[in-house]
Structures are given as structure tokens and as C-alpha cells.
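The values are calculated or read from the model by the stated rules, or taken from the named source; none is laboratory data. In this text the structure is predicted, and so the values were computed from the model without any measurement. Glycine also receives a Cβ, built like all others from the backbone with ideal geometry; neighbour counts cover every protein chain displayed. The protein model used for the area step is the full one, side chains on, heavy atoms only, and it has no ligands, DNA or RNA in it. Shrake-Rupley method; radii C 1.70, N 1.55, O 1.52, S 1.80 Å.
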Amino acid sequence: MEVAPASSAATLSRMRILVTVKFVPDLQSQRSFTDGAVTRTGDDGTMNELDENAVEAALQLKEAAGEGEVYALTVGGDDAVAAVRKALQLGVDHAIHVSDAGVAGSDVFGTAKVIAAAVRKVHEEDPLDLVITGMAALDGLTSMLPTALAAELGWSQLTLASGLTVEGGAASIVRHLPDAHETVSAPLPAVVSVTDEANTPRYPNFKLIMAARSKPVATWTLEDLGVDPSSVGAGAARTVVVDASPRPPRENRVTVTDTGEGGVALADFLIERGLA
Ligand SMILES: Cc1cc2nc3c(=O)[nH]c(=O)nc-3n(C[C@H](O)[C@H](O)[C@H](O)COP(=O)(O)OP(=O)(O)OC[C@H]3O[C@@H](n4cnc5c(N)ncnc54)[C@H](O)[C@@H]3O)c2cc1C
């Protein structure tokens with residue numbers, strides 16, 4: 001079976017795409033919790049790594065079309081602006097940060113409602129062709145946001161794309177399943193989540209890093225979006241985090257100091273336990 005190239009826009013002459021980028025704690029940092037929720041601060045936060053694939057897919061589609069705009073959108077506290085700043089460094093045209101105390105404590109439904117309202121605001125000014133998301137946020141890891149967002153918008157949805165093409169008013173994706181490659185198509189506008197197989201994200205170059213510093217970031221509140229605060233946030237969450245705590249360190253660890261016999265010690269360890 002032929003697999004579609006990472007991203008290509010064959011017939012559209014102007015692609016308008018919004019990419020969702022989440023601000024998450026850096027995977028390399030020590031995770032901590034505040035009142036049962038992941039602590040998210042600017043000190044060790046960054047744009048969700050898997051959202052780099054979403055940004056790359058959007059930029060490739062715009063470049064293939066030759067014209068268009070790419071928006072990056074994040075919903076989160078003050079520090080979350082770092083996520084859209086990173087997207088600007090990668091080359092997106094516009095950045096939007098939805099920041100409002102009323103959003104704190106939102107579950108996936110509340111988050112989707114807020115993102116959908118922001119998408120609609122952009123779409124109403126000038127229609128979007130696509131919303132592209134990452135396959136998962138590396139802190140929440142529900143992978144539910146894209147589906148909840150498509151449902152809120154009433155748009156088509158294509159999930160876990162390893163390849164994405166746009167042609168004739170439709171988006172087509174390739175999904176790599178364990179025993180097959182599936183090609184699925186949907187009319188625009190659509191919500192597409194892309195996997196880390198979709199492309200190789202670019203590195204920001206010096207020129208873009210400098211340019212990103214002076215690019216404006218639009219900051220929107222729930223009021224700007226016409227979202228009723230009582231419909232989102234902790235009070236409206238349909239899920240409750242009952243408990244969250246750091247995983248206790250693993251017990252019965254054996255550390256072998258390799259002084260030239262490390263391979264033998266490892267083999268003995270596996271044989272003793274019947275693992276080799
Ligand atoms: C009761 C409860 C309270 C919570 N309180 C908070 C809180 O106070 N603060 C908080 O940050 N989280 C909070 N969360 C977690 C939050 O609801 C989820 O992170 C959010 O719904 C998205 O789910 P996810 O992280 O699993 O994203 P996934 O569905 O795994 O993400 C898929 C993709 O969606 C996009 N995406 C997801 N979230 C965002 C976002 N916020 N902005 C832009 N793009 C996004 C990204 O492109 C991402 O790759 C809470 C969850 C629960 C259940």
C-alpha cells in the first residue's frame with residue numbers, strides 16, 4: 001500500500017489552520033503535585049513535545065499550498081504563553097493564549113469547550129480549513145481532547161494521522177494500525193490529530209527566534225469567547241482527580257557497577273531469575 005507523504009495540500013491555494021499546543025511540565029523534570037493536580041509552572045514547563053508534530057504538519061500544508069495562515073492556540077495559566085511563543089519560533093503566523101482564572105480545574109470537556117469557542121472566534125472572522133492537534137498531551141495523556149473538540153465544533157474528525165493530505169475540500173489521513181495501514185477521508189473543516197510518525201519537526205532558526213520575540217500574542221478571556229464561567233472550570237468538571245502522588249521508588253533494585261564484568265553480571269542476574 002502506498003503511504004501518503006507526511007503532509008501535502010494538492011489543490012487548496014490558501015490553507016488556514018489552527019494548531020493546539022499545550023503547556024506541560026518538561027518530561028526531564030521532577031513531576032510534582034499541588035492539591036491532587038500536576039504542578040504547572042514556567043520554571044520547568046514547555047510546549048508539549050507531541051504538539052511539535054502538529055505544528056510541523058500545519059506549516060508543511062501551508063508551505064505546499066503556497067499561501068495561508070497558521071494559528072497556535074493554548075489554554076492555560078500565565079506561564080502557558082511559553083507554548084505559543086515556542087510555536088512562533090517554529091514559524092506559525094499568529095499566537096493565541098486563552099487565560100482566565102475560571103478555566104482552572106477544567107476537565108477534558110471544559111477544556112474542549114474553551115478551545116472550541118476560540119476556534120469558532122477565529123473561524124467566524126475568516127474560515128479555517130483544519131484544526132490540527134497532537135496525539136496526546138504528555139501530562140494528561142487522555143488523548144480525548146481532539147474527539148471532545150470535534151464534538152463541540154460539530155466538525156469531522158480524523159485521529160492518529162501518520163500522514164495527512166488535503167485535496168478537493170477534503171482531508172485524508174493514513175493511520176498505522178497494528179495489522180494494517182488505513183486511509184480515511186473527511187470533508188473540511190476537520191479536526192485532525194497527528195502522531196509522532198507524521199513528520200520530523202523542524203528546529204527554530206535564529207531568524208525566527210528573534211522574530212518571535214516581537215510577535216504579538218492575543219490574550220483572550222472567557223468573556224471574550226462568550227463562554228459562561230459556570231460551564232467550565234473545577235465546578236463544571238465531570239471527572240474528579242481522587243488522588244495524585246509521586247510513584248514510590250522501585251524496590252529490590254540491583255545496581256551493577258561495570259568494572260569490565262558488567263555483561264556477565266547481567267547474564268547471571270537474568271539466568272538466576274529464569275529470564276534467559
Ligand atoms: C478534575 C480535573 C481537573 C483538572 N484541572 C486542571 C487544571 O487546573 N489545569 C490544567 O492544566 N489541567 C487540568 N486538568 C487536566 C485537563 O483537563 C486536561 O489536561 C485537558 O482536558 C486535556 O486533556 P489531556 O491533557 O489528556 O490532553 P490530550 O487529549 O492527551 O491532548 C491531545 C492534544 O490536545 C491538545 N490540547 C490538550 N490540552 C490543551 C490545552 N490546554 N491547550 C491547547 N491544546 C491542548 C494538544 O494538541 C494535545 O496534543 C484537570 C483534569 C481533571 C479531570
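Compute, for Asp258, the solvent-accessible surface of its heavy atoms (probe 1.4 Å) with the complete set of protein chains present, and express it in square angstrom to the nearest 10.
Ignoring ligands and nucleic acids, Asp258 comes out at about 110 Å².
May I ask you to derive the FRET efficiency for Glu182 and Leu27 from their Cβ-Cβ distance with R0 = 30 Å, giving the value to the nearest 0.05?
Efficiency computed from Cβ-Cβ geometry: 0.55.
Mind checking which of Pro127, Pro248, Pro229 has the largest fluctuation in a GNM of the chain, springs on alpha carbons under 10 Å?
Its mean-square fluctuation being the largest, the pick is Pro248.
With both bridge residues required to lie in segment 3-142, what share of the DSSP beta bridges run antiparallel, to the nearest 5%?
25 percent
Would you look at the GNM of the chain, springs on alpha carbons closer than 10 Å, and say which of Ser99, Ser193, Ser13 moves the most?
Ser13
With r defined as the distance between the Cβ atoms of Ser13 and Ile209 and R0 fixed at 30 Å, what FRET efficiency is calculated, to the nearest 0.05?
0.50
What value, in deg cm²/dmol to 500, does the helix sum -39500 (n - 2.57) over DSSP H runs of n ≥ 4 give at 222 nm once divided by the residues of the chain?
Computed ellipticity for the chain at 222 nm equals -8500 deg cm²/dmol.
Sort 57-64, 216-223 for me by packing, meaning the mean count of neighbouring Cβ atoms within 10 Å per residue, highest on top.
57-64, 216-223
Which pairs in the list Lys86/Lys121; Lys86/Lys215; Lys22/Lys113 are over 20 Å apart, alpha-carbon to alpha-carbon?
Lys86/Lys121
Scan segment 181-274 for trypsin sites (Lys or Arg not before Pro) in coil per DSSP, keeping those whose Cβ has at most 13 other Cβ atoms within 10 Å, and list them by number.
Arg238, Arg250, Arg253, Arg273
Rounded to the nearest percent, how much of the accessible area of the chain (1.4 Å probe, protein heavy atoms only) is carbon and sulfur?
Summing carbon and sulfur atoms, their accessible area is 52 percent of the total for the chain.
In whole Å and largest first, what semi-axes does the C-alpha gyration tensor of segment 85-198 yield when each eigenvalue is scaled by 5 and square-rooted?
Value: 24, 17, 15 Å, ordered largest first.
Tell me which DSSP H helices of the chain clear both cut-offs, 18 Å or more of axial length from alpha-carbon atoms and a mean Kyte-Doolittle hydropathy of at least -0.5.
51-65, 108-125
Given charges of +1 on the Cβ of Lys and Arg and -1 on the Cβ of Asp and Glu, with all other atoms neutral, how large is the dipole of segment 15-236 about its Cα centre, in debye to the nearest 20?
Magnitude of the dipole: close to 280 debye.
Once you've got the GNM for the chain with C-alpha springs shorter than 10 Å, pick whichever of Gly45, Gly233, Gly262 has the biggest mean-square fluctuation.
Between Gly45, Gly233, Gly262, it is Gly262 that shows the largest mean-square fluctuation.
List the pair-distance distribution P(r) of segment 128-276, using every Cα-Cα distance, as the percent of pairs falling in each 5 Å bin from 0 up to the bin containing the longest distance, rounded to whole percents.
Bins of 5 Å from zero give 2, 7, 9, 11, 11, 11, 12, 12, 8, 6, 6, 4, 2, 0 percent of pairs.
Above 32 angstrom, tally the Cα pairs of the chain and express them as a % of all pairs, no decimals.
Tail of the P(r) past 32 Å holds 31 percent of the pairs.
For Thr34, put the label point 7 Å out on the Cα→Cβ axis and report which residues of segment 243-268 keep their amide N under 13 Å from it.
none
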